[in-house]
Amino acid sequence: MNFQKKNKDLAGSFFITSTKVLFGFLVFILFLILAKITYEGIGVVSLEFIFDEPRNNMTEGGIWPAIFGTLAVTTIMVVLAVPIGVFGAIYLSEYAKDTFLTRIIRTAVNNLAGVPSIVFGLFGLGFFILFLGQNIDEILGTGLIWGQPCLLWASATLGVLVLPIVIVSTLEALNSVPKSHRDASLGLGATKWQTIKKVIIPQARPGILTGTILAISRGVGETAPILFLGAAFFLPNLPVVDLCIGDYCIPMINPAEQFMYLAYHIFILATQSSNPTLTLPLQYGSTLVLIGITFLLNITAIFMRYKYRKAIGRI
Amino acid sequence: MTNNSVIPEEINEEDSARIKAESSFGKRISLSVRVKEKIIEYFFALNGTVALIFIILIFIFLFKEGIQALNDIGVLDFIYYDQVQLDDSIKRLYEWYPTSSQPRFSLLPLVVGTLMTAIPATLISTFLGVGAGVYLSEIAKPKAREFLKPLIELFASIPTVVLGFLMLVVGATFFDDLFNPTNRLNAFIAALGLSFVIIPIIASMTEDALRSIPNDLRMASYGLGATKWQTISKVIIPAGFSGVSASILLGFGRAIGETMIVLMAAGNAANITMDLFLSVRTMTATIAAEMGEVSQGSDHYYALFFIGIILFTITFFLNLIAEIIINKMRKKNIF
């Protein structure tokens, strides 16, 4: 490309350099955010901090109930959303022809991803709590259990919110399975379902797992949708119930209870603290834990996707 | 035919069915398998429509609650409130004051607040995001890109509540010392926080759009003697323009819908102002702050759902337009 050098382009090289500077600036900001949180939070975070309860009006103690609540909500969210998302993606990729309905479904998936998170909160309140929950209560006649904010509806709402992430990741994984593998399987006499079960899903599994991890990361970081879906300021007890069969009891997540949530906990500490100077270190500690979880999840997802994209490139 | 009448006793029914099936190729799959396959297909189809069903449900349930507001409050009351003064004159107020004894439901300050945060955020992010996208797609070496693109994704994964908290504690103090703004928490601080969310969206979508442009175009441009920057500015960006503009639209939609950052950093005072250094209150922050305390079935409650309808409608159409643009671009790029 020597001939290019004859064409002197000062303005051009200025612009090219400036995009480099600009990108460097972005990386610097990311680094600055991480450095600030790590610097302020690292002294606070310890095993004791993670496994302790908030005490003394949240100016002392740890964040265990918030971590537990986050785990509980995201677990139920995954159970609700991932199968539906994966099966839906299998339909779109393997069965659906390019009809009007499928195009509308694809548009709906993209649009669902763009709905503001606070609107999901309103939807969760209007649909899950006031409509589903209250009707369930009325039918069962057990009084007010499901018709109020609780863990199950928060999980379900977050499940709808992360559904597009699961669908899009699964679609990408399914699309990366070569058509020749499908043809080979069908040519050997396998039915469509056998092909999907034995040929396509095993190859797409890392992609599906990546989507699940990204969905968890998104769910863990969301605050706005759960604001009025049962996230609590402070709860002395974990949302746990003993499930007993005879004498044998196992503790289970209680989906009918309110819960503490790590992201919501940060919001509360930042805006409604009784003593900001005392809570600030705890706050940085909680933030470090939250950002640690999301980054760990995302780096895992990025790494897995890198690996399977490379593996598929080799086929 | 005559053979058939001779041997029926020797083969049982199952075998004859098998022979019959094997004789006609393609019909070998038994009925039970075919039924099972069909059931599985319908099961997948059911799951496939869930996203569509939920979009429709969101639409229905927002409207179910929010449309009451139009009956109870009225369209004009969402714009202004005529307050009767002591001397019987009428003063027209544009205020959001739903808990007052004379509740005022003007959405004007909230819409202004949303625009005052979303527009500056989108402008900042367009500048930085498109630049970063151009760098990733055209300038960075493939090895560097492999490492830098995930960095952008990591940027996008920072929870918004963390960004809100940092803007509240660190950003606001920094700019308080620097500019000495009227309000410590203001539209500018919130816009900066928002741009951290939108830059990664615009950057990665710009990169996707530019990378989908066939390499022939670049080669042709170099072949004509253009420099790298001339190729980027005269060939690549015009060719990817629709994709870039779609990413900006999506970023703008995200800026309008973002809640936690504006709730924590914009100051939440419902000012109608063009001053970036004054506190503002956005539509999203209003819902987030007031929904918890409102009594169900009150005018205020329905008004908050009505704001939800507005947000949903705006972002829905922004997304739709962006998707149409992207689909058109995809079709065009298949040469």
Quiz item: How would you classify the range A:7-91 from its alpha-carbon gyration tensor, with a ≥ b ≥ c the square roots of the eigenvalues: rounded for a/c under 1.5, else prolate if a/b is greater than b/c, otherwise oblate?
Solution: oblate
Self-check item: Residue exposure sequence - A:His181, A:His265, B:His300 - by fewest surrounding Cβ within 10 Å
Solution: A:His181, B:His300, A:His265
Exercise. May I ask you to list the aspartates and glutamates whose Cα is less than 18 Å away from that of B:Lys38, ignoring any residue fewer than eight positions away on the same chain?
Key: A:Glu94
Quiz item: When the Cα centres of the range A:30-69 and the range B:202-256 are compared, how far apart do they sit, in Å?
Solution: 43
Quiz item: Expressed as a rounded percentage, what relative contact order does the range B:233-335 have, with Cα pairs under 8 Å and six or more residues apart?
Solution: 34
Quiz item: Expressed as an acute angle from 0 to 90° and rounded to the nearest 10, what is the orientation of the C-alpha long axis of helix B:13-23 relative to the principal long axis of chain B?
Solution: 80
Quiz prompt | Coordinate range along principal axes, alpha carbons of the range B:128-235, Å, largest first | solution = 55, 26, 18
Exercise. Please give the helix B:108-134 orientation as an angle from the longest Cα principal axis of chain B, in degrees from 0 to 90, rounded to the nearest 10.
Key: 60
Self-check item: Relative contact order [Cα under 8 Å, 6+ residues apart], chain B, whole percent
Solution: 22
Exercise. Over the Cα atoms of the range B:105-333, compute the convex hull volume and normalise it per residue, giving Å³.
Key: 134
Self-check item: Computed log₁₀ I(q)/I(0) - Debye formula, equal Cα scatterers, no solvent, chain A, q 0.09, 0.12, 0.16 Å⁻¹
Solution: -0.63, -0.99, -1.31
Quiz item: Build a GNM of chain A with springs between Cα atoms under 10 Å: which of A:Val240, A:Val82, A:Val220 gets the top mean-square fluctuation?
Solution: A:Val240
Quiz item: Dividing the convex hull volume of the alpha carbon atoms of the range A:34-143 by its residue count, what do you get in Å³ per residue?
Solution: 224
Quiz item: By counting other Cβ atoms within 10 Å of each Cβ, how are A:Asp183, A:Asp9 ranked from fewest to most?
Solution: A:Asp183, A:Asp9
Practice problem: Please grab the % of Cα pairs in the range A:161-315 that end up more than 22 Å from each other. | Solution: 61
Quiz item: For the pair A:Ile42 and A:Ile250, what calculated FRET efficiency results from E = 1/(1 + (r/R0)^6), where r is the Cβ-Cβ distance and R0 = 41 Å, to the nearest 0.05?
Solution: 0.70
Quiz item: Mind checking the mean number of beta-carbon atoms from other chains within 10 Å of the Cβ atoms in A:21-29?
Solution: 6
Quiz item: 222 nm [θ] for chain B, helices only, -39500 (n - 2.57) per DSSP H run of 4+, per residue, to 500?
Solution: -21000 deg cm²/dmol
Quiz item: Any idea how far the Cα center of the range B:272-291 sits from the one of the range B:63-118, in Å?
Solution: 14
Self-check item: Sequence of A:Phe23, A:Phe259 once ranked by neighbouring C-beta atoms within 10 Å, starting from the fewest
Solution: A:Phe23, A:Phe259
Self-check item: Degrees, to the nearest 10: B:299-333 long Cα axis against longest axis of chain B
Solution: 50
Practice problem: Would you mind computing the Rg to Rh ratio of the protein assembly as shown from its alpha-carbon coordinates, Kirkwood style for Rh? | Solution: 1.03
Practice problem: Using the Kyte-Doolittle scale, find the helices of chain A whose mean hydropathy is at least -1.0 and whose Cα atoms extend 20 Å or more along the helix's long axis, counting only whole DSSP H runs. | Solution: A:10-41, A:64-90, A:100-114, A:151-175, A:201-221, A:276-314
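No value in this document is a laboratory result; all are computed from the given coordinates. Note that the structure is predicted; figures quoted are calculated from it, not measured. Ideal geometry is used to build each Cβ from the backbone, glycine not excepted, and the neighbour counts take in all protein chains shown.
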